[in-house]
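These notes concern the structure reproduced below.
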Amino acid sequence: MAPACPGCGLNFRREPGQWLGSWFLNICLVQTVVILILAIGVGVTWPDPPIVPIGVGTALSALVVPVLFFPFSRTIWVAIDLAMTPLGFDDGVAPGFELAEDLERLRAERSAGGAPD
């Protein structure tokens, strides 16, 4: 995964340990898929469910789904993180809705107050 957005420059790793949320999303999806395969497999073949094929299907899904979904879980987690912690001026990303005069006023205030740009 790229370290920053090529369009706006957003650093995807805003804080240490941030990717734990994407791992959590991935684990939740895998558990849901495994339970669904198990429930549907047993429900469709009841009263005599074939344990070995259902077990192989759940084991394969537990191995394949996390690998396939991991890039998507990271992208979803970046969106969730942005919703929980909106961008600030110190993030280095222009939000896109700023007016030029507001930006100039901000720069003037910072330079007058001695704060770095």
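Odds and ends about this structure:
- Residues that are without any contact (Cβ under 8 Å) to a residue 12 or more places away in the chain, under 30 Å from residue 90 (Cα atoms) and not charged (D, E, K, R) within segment 6-53 comprise 6, 7, 16, 17, 20, 24, listed in sequence order.
- All helices (runs of 4 or more DSSP H) inside segment 1-116 with 2 or more residues being under 13 Å from the mean Cα position of the chain (by Cα) and surrounded by 15 or more Cβ atoms within 10 Å (Cβ to Cβ): 20-45, 51-84
- Residue among 87, 99 that alone is at pLDDT below 90 and in contact with a Pro (Cβ under 8 Å, 6 or more places away or on another chain): 87
The values are calculated or read from the model by the stated rules, or taken from the named source; none is laboratory data. Because the structure is a prediction, the values reported are computed rather than measured. Glycine also receives a Cβ, built like all others from the backbone with ideal geometry; neighbour counts cover every protein chain displayed.
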